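The next block holds one structure in the form of structure tokens; read it before the comments.
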Amino acid sequence: FKQKTAYEIGVRLVGSEMCIRDRDYQGIEVNASYGSTSKHDGVEQKVGFTTGFGDLNADRYNVLLAVDYFRRTPILRKNREISKSVDFRRLGGSDGRSVFAPEGNLLDADFEFTGATVLPCPPEKLNDICRYDFNSSLLTAYNGADRLSTMLLGSFKVSERITAYSEIMYAKTNDHFDAHPVPDIFSTSTGQPYTGRFMQGGPRMTDRDSDMAHLAFSLEGNTDLFDWKAGYNFGQSTVLNKDSNYYNRTLWDEAIAAGTFDATSFSNPDAVVSALKVSPRREGNSIVKNLTGQISGEAFQLPAGRLGYAVGISFLQERLTDYPDVLSQQGLVVGSIQQAAVAAKRNAKSVFAELSIPILKNLEGQVAVRHDKYPAESKTSPKVALKLQALPQLAFRASYAESFRPPSLKQLYGATEQGAITITDDDECRALGRAVGCTVPAFRVEGSNTELKAEKGKTYNLGVIFEPTSWLNGSLDYFMIKKKDDINTPTTLQALQAGRTGFDPNSGILLVFRNLSNISDVETSGIDLDLKASFKSDLVGKFSVRNSTTYYFNAKQRNAPGEPLLDYIDTYGSGGGPQPQWRNLLNITSEIGSWTTSLLLRSTASFYDIDQSPVPDGTRRVKSHHEVDLTGSYKGFKGFEISYGVKNLLDRDPPFSNTNASNNDYSQQGFPELYSSRGRFFYAGIGYKFR
């Protein structure tokens, strides 16, 4: 699911720049890499160190330590042609600039724009009303990153039949985010309201410090009858947000009412502005504990082989705390939204059993069942699968599985955020009870929802695996996925149609509540085709061609109970992102001596530039898109590996989408979220192994 929250807490596996390494690794390995776009931004730097010692068989132990550091500089929207301005009329699109302009757009008693401004509006910013271009300055197209990850693995052979394992992982991330100066509904000296933005106060800034730790301990062993595993996992994530250039609502309103502060001015006394400012802080902590046990083995002999089995149990405990400062809890921070303190926890239990059944010599079956019990919901999820080896070169497979995913504590109780939007879409105007062509200032509210239910799904697969010759192999699979109560962020239109609106008690502005919801049922089907051909010759060495294609038959969604399933395939989708009919990846690789070279071609189909179904006649299409990557490595020096490459070799820009450009539900960078505007990216790295 997609969730646009400015404040994030949750446990995830740390060490994202690290790979899972050999449990019996010995030696020392160092590596470093550097990459940059052709426009000299989005610079990525990586350094890593790994060491391991001890032979698990000879010494009865092994220890591995790995440390990785990653840093990336941001890419600003203004530095890419397609996203440099949210006024997309230059590309045949619409003007998406904000109505919260520093010059102040005057409103009447019904919060309709009068067309007049508090200060004169420069001609280049005027389009019916005064506009503010939020893409032309500080917003990022590609976020920066600063991340340190460490991992310590230990293995110890307790006896010939029992081995102990441990993992300690830690990651620290420092992030800085800029948002535009505070937008709000202000009042003139005569009491007339206007939409404005206080530029003198500077951009809202957030510095986020994140610490994530993961500890795991397990024992694995075997007896004459079965194998067994037992483990304990502990994960913790702590996030501290430190904000600046926000304001005390009480002092803010008093200053405006008293006339000691003018939101349209750049020359308010610094002492007055400083006295209004506050620096909100927010600290969140998430803890996950998991205890697991499993036994597996072979039960008895069947005519076609021995019956395999596995049974297991899991106990899960989750805790979430979230403490905004007192002013934020009171809803008295201008530029933010009221945030409640949270202290939540829950326990869950799961059991599973699985059988591997040799039905015939060439026919194998699998039957599995899992039961999950959470405080609010429980479900038993079955799975059945068959594999038929019809010929040595031909096999068929089929499976059916059910799934169950409760909402996370973060989705239930995490943070919410608020952002300025402008309602101009005809359907949104109708849902709001306004005339077509309306322009309504509003704030969207997104984030958690305590009323969420679990997602439930069913997956069907039917496939064939083939290898007609020694140099060609492949697979073809049909899939159908049905999901009920899909958790997602509703679009502005969906929220308006459901009546999820309100008014800010301080400014009186319209609020559109787009908190996470079980907004839809989803049904997707299609085929995956994977083909690989391999050759050897003196001219090209080892040469392989692999092509992977996914073709979707449909992407249906029910947007409200009682409504029909609508097919959004070949469109921009409906809140869940674009749904092109097909995607393709072609990989051509050559290995000659110490050199390995790969050429990758990524292709995506065109689709209608609209997030509606059915599609109206005459709707424009977002063009198909193709990107080429060229990568390589050289291992001709003992212990060294040199890697290099160019991503997006031809420097292809993403195709324009007016749905993205004009709709507050999306990024408003002018292209679908499937793509990136990073452009051509060069990188090179070197690694050395001491053995």
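The values are calculated or read from the model by the stated rules, or taken from the named source; none is laboratory data. In this text the structure is predicted, and so the values were computed from the model without any measurement. Every residue, glycine among them, receives a Cβ derived from its backbone with ideal geometry; neighbour counts consider all protein chains shown. Just the protein is used for accessible areas: all its heavy atoms, side chains included, with ligands, DNA and RNA removed. Shrake-Rupley method; radii C 1.70, N 1.55, O 1.52, S 1.80 Å.
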Original post:
log10 I(q)/I(0), Debye, Cα-only region 268-326, no solvent, q = 0.16, 0.29 Å⁻¹?
Top reply: -0.77, -1.09
Subject >> lysines whose Cα lies under 17 Å from that of Lys157, excluding same-chain neighbours fewer than 8 positions away >> reply: Lys229
Original post:
Quick one: if you take sqrt(5λ) for each eigenvalue of the C-alpha gyration tensor of region 193-260, what semi-axes come out, biggest first, whole angstrom?
Top reply: 58, 11, 10
Original post:
Under the Karplus relation 6.51 cos²θ - 1.76 cosθ + 1.60, θ = phi - 60°, what is the ordered set of whole-Hz ³J(HN,Hα) values for region 381-392, x standing for Gly and Pro?
Top reply: 10, x, 8, 9, 8, 9, 9, 10, 8, 5, 9, x
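About the Cα centre, and with charges only on the beta carbon of Lys, Arg (+1) and Asp, Glu (-1), how big is the dipole of the chain? Nearest 20 debye, please.
Values: 77 positive and 79 negative charges, 344 e Å.
So the magnitude is around 1660 debye.
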**OP:** Counting residues in region 543-617 as N, plug N into 2.2 N^0.38 Å and put the Cα Rg over that result.
**Re:** 1.61
**OP:** Go through region 436-445 residue by residue and turn each phi into a ³J(HN,Hα) via Karplus (6.51, -1.76, 1.60, θ = phi - 60°); whole Hz please, and just put x for glycine and proline.
**Re:** 4, x, 5, 10, 10, x, 7, 10, 8, 10
**OP:** State the percentage of accessible surface on region 117-187 attributable to carbon and sulfur atoms; use a 1.4 Å probe and exclude ligands, DNA and RNA.
**Re:** 58
Subject >> Calculated diffusion of region 612-691, Stokes-Einstein form, Kirkwood radius summed over Cα pairs, 25 °C and 0.890 mPa s, µm²/s >> reply: 154
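D for region 367-416, whole µm²/s, Stokes-Einstein with Kirkwood Rh over alpha-carbon pairs at 10 °C and 1.306 mPa s: what number?
The calculation lands on 114 µm²/s.
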**OP:** Treat each spin label as a single point 7 Å out from the Cα along the C-beta direction, and report the Asp108 to Leu630 distance in nm.
**Re:** 6.3
Original post:
Once the mean 1/r over all distinct Cα pairs of region 321-370 is inverted, what Kirkwood radius in angstroms do you read off?
Top reply: 15.8
Original post:
What order do Glu591, Glu417 take when sorted by accessible area (1.4 Å probe), most exposed first?
Top reply: Glu591, Glu417
Original post:
Ile465: accessible area at probe 1.4 Å, nearest 10 Å²?
Top reply: 50
Original post:
Accessible surface of Lys172 in the full protein assembly, 1.4 angstrom probe, to the nearest 10 Å²?
Top reply: 70
Subject >> Solvent-free Debye scattering, log10 I(q)/I(0), computed from the Cα coordinates of region 85-180 at q = 0.12, 0.19 Å⁻¹ >> reply: -0.62, -0.97
**OP:** Whole number in Å², please: accessible area per residue of region 422-481, 1.4 Å probe, ligands, DNA and RNA not counted.
**Re:** 47
Original post:
So what's the projected area for region 350-492, the Cα convex hull averaged over all directions, in nm²?
Top reply: 14.3
Subject >> Structure-based [θ]222 nm, the chain - -39500 (n - 2.57) summed over DSSP H runs of at least 4, per residue, nearest 500 >> reply: -1500 deg cm²/dmol
Subject >> region 33-45 - phi-based ³J(HN,Hα) in whole Hz, Karplus 6.51/-1.76/1.60, Gly and Pro as x >> reply: 8, 9, x, 7, 6, 5, 9, 6, 10, x, 5, 10, 10
Original post:
Over the C-alpha atoms of region 535-691, what are the Rg and the largest Cα-to-Cα span, Dmax, in Å?
Top reply: 20.8, 67
Original post:
What ranking, highest mean first, results for peptides 654-660, 256-262 when packing means the other Cβ atoms within 10 Å averaged over each residue?
Top reply: 654-660, 256-262
Original post:
Among all the lysines, which ones have a C-alpha under 26 Å from Lys125's C-alpha, if same-chain residues fewer than 8 places away are not counted?
Top reply: Lys78, Lys84
Subject >> Of Thr450, Ala560, Tyr460, farthest towards positive along the dipole that unit charges on Lys, Arg, Asp, Glu beta carbons give region 447-604 >> reply: Thr450
Subject >> Accessible surface of region 193-297 [probe 1.4 Å, protein heavy atoms]: carbon and sulfur percent >> reply: 56
Subject >> Partner lysines for Lys542 [C-alpha distance under 17 Å; skip if fewer than 8 residues away on the same chain] >> reply: Lys532, Lys635
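When every alpha-carbon pair in the chain is counted, what percent end up more than 49 Å apart?
22
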Subject >> Along principal axes, Cα extents of region 469-522, largest first, whole Å >> reply: 73, 21, 14
**OP:** Taking all protein chains together and a probe of 1.4 Å, list Trp252, Trp582 from the most accessible to the least accessible.
**Re:** Trp582, Trp252
Original post:
In Å, the Kirkwood hydrodynamic radius of region 589-656 over pairs of distinct alpha carbons?
Top reply: 15.0
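Cβ under 13 Å from Asp427's Cβ, Asp427 left aside: what net charge do those residues give with Lys, Arg +1 and Asp, Glu -1?
Value of the local net charge: -3.
Return the ratio Rg/(2.2 N^0.38 Å) for region 254-296, where Rg is computed over Cα atoms only.
Details: Rg = 25.1 Å, N = 43, 2.2 N^0.38 = 9.2 Å.
So region 254-296 has a normalised radius of gyration of 2.73.
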**OP:** For the pairs Lys373/Lys410; Lys387/Lys456; Lys483/Lys647, note any where the Cα-Cα span goes beyond 30 Å.
**Re:** Lys483/Lys647
Subject >> Dipole of the chain, positive end: most advanced residue of Thr571, Met480, His180 [Cβ charges, Cα centre] >> reply: Met480
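Give the whole-number value, in cubic angstrom per residue, of the convex hull volume spanned by the C-alpha atoms of region 211-323.
172
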Subject >> Pairwise label distance in nanometres, Lys39 with Phe466, each label 7 Å out on the Cα-Cβ vector >> reply: 4.6
Original post:
Roughly what would the spin-label model give for Asn506 and Thr238, points 7 Å off Cα along C-beta, in nm?
Top reply: 3.0
Original post:
So, how do all the Cα-to-Cα distances of region 32-121 break down into 5 Å bins, in percent, from 0 on up?
Top reply: 3, 10, 10, 9, 9, 10, 8, 7, 7, 6, 5, 5, 3, 4, 2, 2, 1
Original post:
What fraction of the Cα pairs in region 434-505, stated in percent, has a spacing above 20 angstrom?
Top reply: 61
Original post:
Given the Cα atoms of region 103-253, and with Rh set as the inverse mean 1/r over their pairs in the Kirkwood sense, what is Rg to Rh to two decimals?
Top reply: 1.34
